Amino acid sequence: MNVTLAVKQYVSKMIENSGPGMKVLLMDRETTSIVSVVYTQSEILQKEVYLFERIDSQNRDSMKHLKAICFLRPTKENIQHLIQELRRPKYSIYFIYFSNVISKSEIKALAEADEQEVVAEVQEFYGDFIAVNPHLFSLNLQGVSRGRSWEPSMLSRCTQGLTSVLLALKKCPMIRYQLSSDMSKRLAESVKQIITKEYELFDFRKTEVPPLLLILNRSDDAITPLLNQWTYQAMVHELLGLNNNRIDLSRVPGISKDLKEVVLSAENDEFYANNLYLNFGEIGTNIKNLMEDFQKKKPKGQQKLESITDMKAFVDNYPQFKKMSGTVSKHVTVVGELSRLVTERQLMEVSEVEQELACQNDHSNAQQNVRRLLQNPRLSELDAVRLVMLYALRYERHSSSILPSLMDDLSRRGVSERHRRMVQAVVEYGGKRVRGSDLITATDAVAITKQFFKGLKGVENVYTQHQPLLHDTLDQLIKGRLKDSQFPYLGASSLRDRPQDIIVFIIGGATYEEALTVYNLNRSTPGVRIVLGGSSIHNTKSFLEEVMSATSHGGEQGSGRHGNRR
C-alpha cells in the first residue's frame, strides 16, 4: 500500500507504452501537480520526454516529430480541449490516459474528432490524487463544506479521488463512516455507488481479510490542526507552507535567487527522507553532521589535478558535489529560517502552553498561562488567536470560563476583527455540539498515570505530548474495539477479523501530525498497513480558511469562494 509508488508506476507505464522516440507530456492544471510530486523534471527527461505542455495553453507550436502522451482528468473542459486538439493535431501520434473513469459517450466524441486517426490508445490510469508521502495522499481541495453539508462539486471530486486511490491500490473495501457526520455517510454512499456501478474494475483477487475504508470528519478533532509542530515535515508546512512539496522562501531576509523556491521531496532527497519525522533538536544535529560531511568531501581549492586519473575522479564526483552542495544549502536555509521564526515568535513558550491546553485538564493553570502570553508583545497575532481557540475548545463548557475576558484581551492587543471572529467559528466548527467522539477526556486515573510516565520520558516531550484523536480511533480499530454504534459499516456485512489494509480519509483535511501517527502505527503493528488521505493537508492557516468557509463567518454560509473550483 504505497500511493507514491502507484502513481509513479502509472506515469512510467504511460511513457513506456508510447515506445522509443521524442515525446511531449500534455497535462492539465491538476495532473501537472499529480506528476510533479512523484517525478522530477530531470527524471522524466531521461525517459525521452523533452516537453511539458498544458492542454489548455493556446499558443503551443505544431511539432509533428513528437509523440504526445496526454494525462488528463476526465472533466468536460478537458474533453473539449482534446476534441479541439484532435481536429487539428499538433503532434504525430497521441497516447491518451485519463486519471479516472470516462464515459462511453465521451470516448465516442473523441473517436469522432479523430478524423486523422492520430490516436494510438485511450486508457484509464487511476492517478487522480496527490501522493504526498508513500502512506499519505491529498486531493488539494479547500472549502469542502457549507455548514455541515457538502459543497456539491466537492462531493463528486472527493468520490472520484477516493475511488481512484482504491483502484490504484487495487482494493475493494468494506466501508465504515463516522455516524455523527452526515457528510461522512454521504461520501461513503457515493463511493459505494461507484464500486457497485464499476464492479468489473473493482473485481480484485479476494484477500482473506477484506480491506477497510474509514471515513472521518475534520470537525471531530479541531485541536490537532491548531497546534504548532516540532517534526521536520510538519514544522515546514506549519511555518513556511508546503505546496505540492514546494516551499516559497522568497520572503526570507537576504535569500539568494536560486533558493527563492525549493523542493522538498523524500523521493529524491536522502537527507529529507531520513529526517522527515525527526524533531527539531535532532534535525539541528543532523544538519551540522551534513555540513561537516560536505566539508570533508568538498574538493580542496589547492587539490592538484596532475594526472588524467585525478581529473577523471574530479569530473566523476563533480555532479555528486553539486547535488550535495544543493542539498546542504537548501536544508541549511530551511532549518535556519525555521530557527529564526521559532525565536522571533517565541514558539517554544507558545507551544508549551498549547500542549498543556490540548492534553491537560487544569483550568486555573491554563487561564493564567494564556493570560500571561497574551500580555507578551512579541506574540504574533496568529499565535495569540490560536491560544484562545484552544482554550475555547478545551474549556467550552467550564463553569468559570474566562473566554469573554480573553476576547477583550485580543481586542486590546489590536487583533483584527476577522481573526477574533475565527474563535467563535472554530467552536461552531468543532465544538462539543458537533463532535461525535470524546475528543477531550476527563482526567481519570489511567490518564494521570499516562501523563506521569510521559513526564518521565524527558523534556522534549513537553512539546510533543499531544496525540491526535486519529491515534485512538485507529488503535481501537486495529484491536477490533471501534464501536459500531459510532462508526457503523455501510451495508449489512461487517469485518470478523482484525483489519489489515486500512485506508482512512478525513473530510475537511488531514495534517502532517496525523501522517506521523500513521507512519508510527505502520512501523509498530506488523501485519497492518494504513494509508491516510484528506481533502487537503492543513496547517493552521489553511485550516482556519476551511473553518471560515464551512461556517457562516466566511460570508453567506461559506459560499462565494468556490465558484472557480471544480
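The values are calculated or read from the model by the stated rules, or taken from the named source; none is laboratory data. Everything quoted here is computed from the prediction, not taken from an experiment. Heads up, the Cβs are rebuilt from the backbone with ideal geometry, glycines too, and the neighbour counts pull from every protein chain shown. Just the protein is used for accessible areas: all its heavy atoms, side chains included, with ligands, DNA and RNA removed. Shrake-Rupley method; radii C 1.70, N 1.55, O 1.52, S 1.80 Å.
Going by the conditions given, is I34 at pLDDT below 90 and open to solvent by less than 10 Å² (accessible area, probe 1.4 Å)?
Working: at pLDDT below 90: no; open to solvent by less than 10 Å² (accessible area, probe 1.4 Å): yes.
No.
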* **Selection status of L86, buried (at least 20 other Cβ atoms within 10 Å of the Cβ), at pLDDT below 95 and part of a helix (DSSP H, G or I)** => yes
* Please verify whether the range 167-174 includes one or more residues that are within 30 Å of L242 (Cβ to Cβ) and basic (K, R). => yes
* Asked: How many of the residues making up the range 238-258 are in a loop (DSSP other than H, G, I, E, B) and either free of Cβ contacts under 8 Å to residues at least 12 places away in the same chain or at negative phi (or both)?
  -> 9
* (1) open to solvent by 50 Å² or more (accessible area, probe 1.4 Å); (2) touching a Lys or Arg at 6+ places or on another chain (Cβ under 8 Å): which one isn't true of N289, the others all being true? -> (2)
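For every residue, the table says whether it meets (1) polar (S, T, N, Q); (2) in contact with a Lys or Arg (Cβ under 6 Å, 6 or more places away or on another chain).
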| residue | (1), (2) |
| --- | --- |
| E16 | no, no |
| G21 | no, yes |
| V38 | no, yes |
| E53 | no, yes |
| S57 | yes, no |
| H65 | no, no |
| T75 | yes, no |
| E106 | no, no |
| A111 | no, no |
* Structure fact -> Flagged pairs (Cβ under 8 angstrom, 6 or more apart or on separate chains; first in the range 274-289, over 15 Å from R340 (Cα atoms); second assigned to a loop (DSSP other than H, G, I, E, B)) are L276/A266; N279/W230; N279/Y463; N279/T464; N286/L278
* Asked: Is the range 155-162 home to any residue that is open to solvent by 40 Å² or more (accessible area, probe 1.4 Å), assigned to a loop (DSSP other than H, G, I, E, B), assigned by the TED database to the domain that holds Y519 and under 30 Å from E267 (Cα atoms)?
  -> no
* Answer yes or no as to whether E121 is surrounded by fewer than 18 Cβ atoms within 10 Å (Cβ to Cβ) and touching a strand residue (DSSP E or B) at 6+ places or on another chain (Cβ under 7 Å). => yes
* Within the range 473-498, work out how many residues are surrounded by 16 or more Cβ atoms within 10 Å (Cβ to Cβ) and on the phi > 0 side of the Ramachandran plot. => 0
* **All positions within the range 506-549 that are hydroxyl-bearing (S, T, Y), part of a helix (DSSP H, G or I) and under 30 Å from E381 (Cβ atoms)** => Y512, T517, T540, S542, S549
* Asked: Mind checking whether some residue in the range 176-187 is modelled with pLDDT under 95, open to solvent by 30 Å² or more (accessible area, probe 1.4 Å) and among the basic types (K, R)?
  -> no
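For W230, are the conditions met, namely being farther than 19 Å from G534 by Cβ, surrounded by 18 or more Cβ atoms within 10 Å (Cβ to Cβ) and at pLDDT below 95? Before you say what the answer is, go through the steps one by one.
On the way: farther than 19 Å from G534 by Cβ: yes; surrounded by 18 or more Cβ atoms within 10 Å (Cβ to Cβ): yes; at pLDDT below 95: yes.
The answer is yes for W230.
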* Asked: Can you tell me which residues in the range 49-64 are surrounded by 14 or more Cβ atoms within 10 Å (Cβ to Cβ) and part of a strand (DSSP E or B)?
  -> V49, L51, F52, E53, R54
* **Condition met for D203 (modelled with pLDDT under 95 and surrounded by fewer than 21 Cβ atoms within 10 Å (Cβ to Cβ))** => yes
* Asked: How many of the residues making up the range 9-44 are aliphatic (A, V, I, L, M), without any contact (Cβ under 8 Å) to a residue 60 or more places away in the chain and part of a strand (DSSP E or B)?
  -> 3
* Looking only at the range 385-409, which residues are out of contact with any helix residue (DSSP H, G or I) (no Cβ under 6 Å at 6 or more places or on another chain) and of a type in the set (G, A, S)? -> S399, S400, S401, S405
* Residues satisfying the stated conditions in the range 259-273, i.e. farther than 22 Å from T4 by Cβ and touching a residue at least 60 places away in the same chain (Cβ under 8 Å) -> L259
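Quickly run through the range 499-518 and pick out the residues that are among the acidic types (D, E) and open to solvent by less than 10 Å² (accessible area, probe 1.4 Å). Give the derivation first.
Of all residues in the range 499-518, those among the acidic types (D, E) come to 501, 513-514.
The answer is E514, and nothing else.
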* How many residues are among the charged types (D, E, K, R), in contact (Cβ under 8 Å) with a residue 24 or more places away in the chain and farther than 24 Å from R146 by Cβ when one looks only at the range 206-237? -> 1
* To do: Among residues belonging to the range 526-539 that are in contact with a Leu (Cβ under 6 Å, 6 or more places away or on another chain) and not aliphatic (A, V, I, L, M), point out the one that is farthest from S145 (Cα to Cα).
  => S536
* Structure fact -> Selection from the range 402-455 of residues surrounded by fewer than 15 Cβ atoms within 10 Å (Cβ to Cβ), among the hydroxyl-bearing types (S, T, Y) and at pLDDT below 90 yields T441, T443, T449
* Structure fact -> Inside the range 340-380, the number of residues satisfying the requirement of being surrounded by fewer than 14 Cβ atoms within 10 Å (Cβ to Cβ) and either among the small types (G, A, S) or in a helix (DSSP H, G or I) (or both) is 7
* Residues located in the range 478-505, provided they are outside any loop (DSSP other than H, G, I, E, B) and either acidic (D, E) or modelled with pLDDT of 95 or more (or both) -> D501, I502, I503, V504, F505
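For the range 159-207, what are the residues that are aromatic (F, W, Y) and within 25 Å of D220 (Cα to Cα)? Reasoning before the result, please.
Step one: list which residues in the range 159-207 are aromatic (F, W, Y), which gives 177, 199, 202, 204.
Once the filter is applied, which keeps residues that are aromatic (F, W, Y) and within 25 Å of D220 (Cα to Cα), the range 159-207 yields only Y177.
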* Asked: Which one is most open to solvent (accessible area, probe 1.4 Å), of the residues in the range 210-227 that are in a loop (DSSP other than H, G, I, E, B) and in contact with a strand residue (DSSP E or B) (Cβ under 8 Å, 6 or more places away or on another chain)?
  -> P210
